[in-house]
Amino acid sequence: MKVSARNVFKGTVSQVQAGAVNAEVALTLAGGEQLVAVVTMASVQSLGLAVGKDAVALIKAPWVMLMTEASDIRLSARNCLEGKVVRVNEGAVNSEVVVQLPGGTEVFAIVTRDAVEELGLAPGVSATAVIKASHIILGVPA
């Protein structure tokens, strides 16, 4: 599968909480991290999403927000993944920041150069990747 999304995470469905229209689907990644996605019930059915099934989470890098010094902040976003910055690739306007999670998974974020400076993002700095559950697209092997 070739996709333009910078973040492609393979995992196993660990929970499906069905609702009237949408479902929350928890995906456990190889490093033990968990992502929660909100998808329609139609998607749950058409993809055959069920506990134990392999799935892929796709997240475009611009959909990933970054925070530092986040220990005393609570957010409504379901996915707050703590890690360390391992790379910052600066562009003319935006920068690509790579945060490595404790299990080894790398999360790619596209943020402005101003944000990189304001947050002090540099290799070794602790950062939290924030991803809304509605910004995760799920897929399954054919």
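FRET efficiency for the Val86 to Met1 pair, using the beta carbon distance and R₀ = 22 Å, is estimated at 0.30. Which lysines does Lys84 reach when only Cα atoms under 28 Å apart count, and residues fewer than 8 places away in its own chain are ignored? The reachable lysines, counting only those whose Cα sits under 28 Å from Lys84, are Lys2, Lys10, Lys60, Lys132.
With 0.36 nm allotted per residue and the present C-alpha distance subtracted, the Arg113-Asp54 stretch has 17.6 nm of extension available. This model, with +1 at the C-beta of Lys and Arg and -1 at the C-beta of Asp and Glu, gives the chain a dipole about its Cα centre of some 480 debye.
Region 23-58 and region 78-142 have their alpha-carbon centroids 21 Å apart.
Divide by every residue of the chain the summed helix terms, -39500 (n - 2.57) for each DSSP H run of at least 4, and state the resulting mean residue ellipticity at 222 nm, rounded to the nearest 500 deg cm²/dmol. Provide the component values of the computation, followed by the final result.
On the way: 2 runs with 14 residues, N = 142.
Estimated from H runs of four or more residues: -2500 deg cm²/dmol.
Comparing Ala30, Gly48, Ile73 along the charge dipole axis of region 18-78, the residue lying farthest to the positive side is Gly48, per the Cβ-charge model.
I want the local charge near Asn94. Using Cβ-Cβ distances under 15 Å, sum +1 for each Lys or Arg and -1 for each Asp or Glu among the other residues.
Numbers: positive: Arg6, Lys60, Arg87, Arg113; negative: Glu90, Glu96, Asp114, Glu117, Glu118.
Surrounding charge for Asn94 is -1.
Scaled against 2.2 N^0.38 Å for its residue count N, the alpha carbon radius of gyration of region 61-131 is 1.00.
Quick note: the coordinates plus some simple rules give every number you see, no bench work behind them. Because the structure is a prediction, the values reported are computed rather than measured. Note: ideal-geometry Cβ built from the backbone for every residue, glycine included; neighbour counts use all protein chains shown.
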